[in-house]
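Presented below is the structure to which this report refers.
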Amino acid sequence: MLRHVTDLFIGSANNFTHEHVDVFDNVLGHLIQRVEHSVLAELGTKLAPVGNAPKKIIQNLAQHDEIKVAGPVLTQSTQLSDHVLAEIAKTKSQDHLGAISERKHIAATVTDIMVERGNTGVVHRLSRNHGANFSEFGFATMTNRATNDDALAENLVRRVDVPQQMLSELVTRATETVRARLLA
């Protein structure tokens, strides 16, 4: 039944009003209560790219502990607010942070949390994501981490939004080999 309701929604999503979407949100909310993780993962994969997907369902899937369920939604859904993403970044796994780091746009309030909590892989993905915005704190944290991480240093130098002062600091702190590559 969940698959049929999901397919019905996706088939006409562009034609639905907010009230229609709310009805689907409530119906899907009841249907997901007793399904396996594999079915939830399928639901997330189908709903993640839909611009007007039901918000409560999207948030529920995004906060799921199983990354196969949360991942597609965290990476693609435009229905997740910066506040929700920040809460997930504060409390969920490195896999969740990794999925968030792949989003087309990430606010500085979210990346600030991610550069503090994220492992090397998460921070590397963030530094390569030109849709990720960083505060001064975020850039400073990444610059400090780049002192011992040549790949991160190279990623940061390729960004056009790194403040000049931090870029100079990054080049100064870099190892000789990396400094030569950065200056080139």
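Figures for the structure shown
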quantity	calculated
Accessible area expressed per residue, the stretch 1-140, with surrounding protein chains retained (probe 1.4 Å, Å²)	51
log₁₀ of I(q)/I(0) at q = 0.16 Å⁻¹ - the stretch 68-156, Debye sum with one point per alpha carbon	-0.54
Folded to 0 to 90 degrees: helix 164-173 orientation relative to the chain principal axis, Cα	60
Helix axis angle, 37-47 relative to the chain longest principal axis, alpha carbon, degrees	80
Simple spin-label estimate for Asn148 and Val35 in nanometres, 7 Å along Cα-Cβ	4.4
Accessible surface of the stretch 23-151 [probe 1.4 Å, protein heavy atoms]: carbon and sulfur percent	50
Ranking by accessible area, most exposed first, for Met1, Met166 with a 1.4 Å probe	Met1, Met166
The chain: most fluctuating residue of Gln79, Gln33, Gln94 per GNM, C-alpha cutoff 10 Å	Gln33
Rough spin-label spacing in nm, given labels placed 7 Å along Cα→Cβ, for Ser81 and Lys56	1.6
Space enclosed by the convex hull of the alpha-carbon atoms of the chain, per residue, Å³	115
Full-stretch length increase - His18, Arg181 - with 0.36 nm per residue and alpha-carbon distance subtracted	53.4 nm
With at most 13 other Cβ atoms within 10 Å, longest stretch of the chain clear of loop trypsin sites (Lys or Arg not before Pro) (DSSP)	1-103
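The values are calculated or read from the model by the stated rules, or taken from the named source; none is laboratory data. Just so we're clear, the structure is a prediction, and the values are computed from it rather than from any experiment. Here the Cβ is made from the backbone with ideal geometry for all residues, glycine too, and neighbour counts use every protein chain on show. Heads up: the accessible areas ignore ligands, DNA and RNA and are worked out on the full protein's heavy atoms, side chains in. Shrake-Rupley method; radii C 1.70, N 1.55, O 1.52, S 1.80 Å.
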